[in-house]
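Chemist: Mind looking over this structure? Questions follow.
Read-outs throughout are calculated quantities, based only on the coordinates presented, and are distinct from any laboratory measurement. Nothing here was measured: the structure is a model prediction, and the numbers come from that model. Cβ: placed from backbone, ideal geometry, glycine included. Neighbour counts: every protein chain shown.
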């Protein structure tokens with residue numbers, strides 16, 4: 001689970017410490033405290049129809065798709081997984097403080113598609129009416145008129161235009177494309193591995209989020225070619241397979257649950273990220289940037 | 001050099017593409033274009049008295065200290081480097097989407113200090129008058145009344161209190177501490193490896209920035225202990241040495257230069273990150289978050 005924690009809280013430094021000074025703030029519940037006190041109804045299991053397992057030699061990456069935001073793209077990614085499109089393909093790019101990307105490294109003899117479409121209409125933004133789960137944050141944001149969470153995903157919206165979109169936070173998965181907005185079909189995906197590149201919002205289809213296994217991607221050696229592409233075949237990590245969870249025997253599925261972002265409990269999580277206290281803290285911003293609000297994931301209880 | 005670039009710009013996808021649609025924006029200079037057109041006076045070499053080389057088995061990490069913001073801490077880090085304090089110590093922590101931290105892993109028999117101080121007064125914020133180089137960005141920010149750049153570092157300020165501080169952006173280096181605000185002395189340092197944890201601003205002393213070699217730290221395997229600390233000695237990467245550049249023979253120094261953030265050229269860099277155009281772009285936010293404004297570094301010409 002990705003939870004923000006104060007630095008060095010458990011680390012005894014190598015010299016005697018006086019008691020906390022007068023500068024510290026009154027204690028407040030942490031994200032960990034709130035997760036611990038949560039109720040079963042604050043969580044939802046992953047939907048097997050919207051969950052992908054990318055199997056790497058180093059382990060499993062679990063990706064949750066966001067069909068409310070990308071109905072067409074999610075359908076095509078399901079089709080790609082069902083025709084074993086990704087099996088034997090590779091991680092092709094790792095650019096520091098930006099993205100890791102995967103797909104077919106062979107541009108000259110690309111893997112043929114079976115039922116999956118070669119092009120999918122851009123889903124950079126969708127009508128706000130498509131998203132029934134949005135809960136706004138009061139925190140102001142320079143990239144969008146409104147930000148918040150929708151069914152476990154960081155999202156943003158523009159009430160004037162009536163459009164909403166998923167936000168490029170750490171761990172979000174997008175659909176690589178060329179200049180044509182409709183050129184992405186989900187056969188090349190990327191995940192954000194650095195500071196949120198929110199300028200990509202509304203420019204590219206964001207399809208979901210890595211909910212487990214993020215470190216298997218974020219620690220990959222950076223590619224030495226332009227934009228972090230790997231230059232030699234042996235530098236690329238091979239993908240064993242990508243499967244829809246629904247197509248995997250139940251015993252082999254990851255049993256994960258995500259905190260429901262529509263709950264009062266999740267509002268408390270966001271507030272804990274916004275207002276910090278306790279003996280380590282001398283200043284609390286009373287603000288949290290969208291991508292610094294953690295979305296807890298844990299093993300199903 | 002860390003430069004943000006549009007995704008997939010050079011990546012021919014595996015199917016024929018039509019010409020760019022009407023949705024694309026007029027071309028605008030990119031950060032790369034502006035760097036290319038810059039003049040020698042737009043750059044400054046690193047000051048050897050404020051530059052650290054951390055030598056790892058995998059290569060050199062170059063850290064620039066910010067003495068305007070941390071005169072006391074910088075002096076103590078120089079003293080630590082000069083007494084070879086870090087040699088043979090280790091990277092002790094790697095927490096995904098947060099920080100990598102280094103120092104003495106042996107809490108029971110910690111390395112003795114020679115001339116370096118065991119405690120340094122907190123430098124979480126300093127009087128604005130100490131920083132002569134600040135250039136404000138017009139972009140609003142939820143974490144501070146004002147943000148911008150000071151002599152190559154992302155910084156923030158509060159004109160009401162008259163205080164300024166360095167911001168926790170990707171690559172920024174801070175001084176781990178315990179609950180006592182004055183407990184950090186620079187013998188344990190961390191670098192931000194994920195989404196900017198700006199809630200740490202004003203809570204901890206930020207001493208500088210990694211200007212080269214960031215990927216040697218950001219790709220380290222994540223620690224499996226609480227807060228990403230490594231649990232076993234063999235998981236820790238050993239530090240060969242940390243030296244002040246001034247103490248290294250000139251022929252062995254890294255010849256890097258940083259773009260002067262007080263120049264018109266740098267204002268154009270920030271504007272290129274704020275306003276994007278060209279055939280790939282369908283939406284430009286007209287805004288850039290402080291930590292998404294790149295600070296170019298290159299080999300000296």
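Chemist: Would you mind computing the Rg to Rh ratio of the range B:59-165 from its alpha-carbon coordinates, Kirkwood style for Rh? Show your work: numbers first, answer last.
Modeler: Numbers: Rg = 16.9 Å, Rh = 16.3 Å.
On the Cα set of the range B:59-165, Rg over Rh gives 1.03.
Chemist: What are the principal axis extents of the Cα atoms in the range A:74-134, in Å, biggest first?
Modeler: For the range A:74-134, the Cα extents along the three principal axes come out at 41, 35, 17 Å.
Chemist: What does the copy distance list look like for residue A:88, label position 7 Å along Cα→Cβ, in nm and ordered from shortest?
Modeler: The projected label point of residue A:88 is separated from its counterparts by 5.2 nm.
Chemist: Would you kindly calculate the mean projected area, averaged across all directions, of the convex hull enclosing the Cα atoms of the range B:20-106, in square nanometres? Kindly include the intermediate steps, with their values, before the conclusion.
Modeler: Values: hull surface 43.3 nm².
In nm², the orientation-averaged hull projection of the range B:20-106 is 10.8.
Chemist: Per 10 Å bin, what percent of the C-alpha pairs of the range A:214-261 does each bin hold, from zero upward?
Modeler: That works out to 18, 32, 27, 21, 1, in percent per bin.
Chemist: Could you tell me how many degrees, from 0 to 90 and to the nearest 10, lie between the Cα long axis of helix B:71-82 and the main elongation axis, the longest principal axis, of the Cα atoms of chain B?
Modeler: Result, in degrees: 70.
Chemist: What is the Cα radius of gyration of the range A:229-301 over 2.2 N^0.38 Å, N being its residue count? Show your work: numbers first, answer last.
Modeler: Working: Rg = 19.5 Å, N = 73, 2.2 N^0.38 = 11.2 Å.
Dividing the Cα Rg of the range A:229-301 by 2.2 N^0.38 Å gives 1.74.
Chemist: Give the residues of the range A:236-273 whose amide nitrogen is closer than 14 Å to a point set 7 Å from the Cα of residue A:298 in the direction of its Cβ.
Modeler: A:256-260, A:265-266, A:269
Chemist: Right, here's the next one. Using r as the Cβ-Cβ distance of residue B:121 and residue A:224, and R0 as 45 Å, what FRET efficiency do you calculate, to the nearest 0.05?
Modeler: Values: r = 43 Å, r/R0 = 0.95.
The formula returns an efficiency of 0.60 here.
Chemist: Given bins 10 angstrom wide, list per bin the percent of all Cα-Cα distances in the range A:47-255, short to long.
Modeler: P(r) over the range A:47-255, rounded to whole percents: 9, 36, 38, 15, 2.
Chemist: Arrange the following residues from fewest to most other Cβ atoms within 10 Å of their Cβ: B:202, A:93.
Modeler: Placing the least packed residue first, the sequence is B:202, A:93.
Chemist: How far is residue A:58 from itself in the other copies, in nm, if each label sits 7 Å out from Cα along the Cα-Cβ line, shortest first?
Modeler: 1.0
Chemist: Hey, another quick one. Can you tell me the mean projection area, over all orientations, of the convex hull of the protein assembly as shown's alpha carbons? Units nm², please.
Modeler: Numbers: hull surface 106.4 nm².
The directionally averaged projection comes out at 26.6 nm².
Chemist: Now a separate question. Just to confirm the number: angle between the C-alpha axis of helix A:264-274 and the first principal axis of chain A, 0 to 90 degrees, nearest 10?
Modeler: So the inclination is approximately 80 degrees.
Chemist: Equivalent ellipsoid semi-axes for the range B:132-261, as square roots of 5 times the alpha carbon gyration tensor eigenvalues: give them largest first, rounded to whole Å. Numbers along the way, then the final one.
Modeler: Working: eigenvalues 150, 91, 41 Å².
With the √(5λ) rule applied to the range B:132-261, the semi-axes are 27, 21, 14 Å.
Chemist: Testing the spin-label approximation: label points 7 Å from Cα along Cα→Cβ at residue A:248 and residue B:130. State their distance in nm.
Modeler: Result for the modelled spin labels: 5.1 nm.
Chemist: Now for a different question. How do the peptides B:265-274, A:258-267 rank, highest first, by the average count of neighbouring beta carbon atoms within 10 Å per residue?
Modeler: So the order, starting with the most tightly packed, is B:265-274, A:258-267.
Chemist: Next question. What are the label-to-label distances in nm, one decimal and shortest first, from residue B:158 to the same spot in the other copies, with labels 7 Å along Cα to Cβ?
Modeler: With the label placed 7 Å along Cα→Cβ, residue B:158 yields 3.4 nm.
Chemist: Could you please state, rounded to a whole Å, how far the C-alpha centre of the range B:236-300 is from the C-alpha centre of the range A:48-119?
Modeler: 32 Å
Chemist: May I pose another question? Which whole-number percent gives the relative contact order of chain A, counting Cα pairs below 8 Å spaced six or more residues apart?
Modeler: 31 percent
Chemist: Could you let me know the centre-to-centre spacing of the range B:140-192 and the range A:180-229, using Cα atoms, in angstrom?
Modeler: 28 Å
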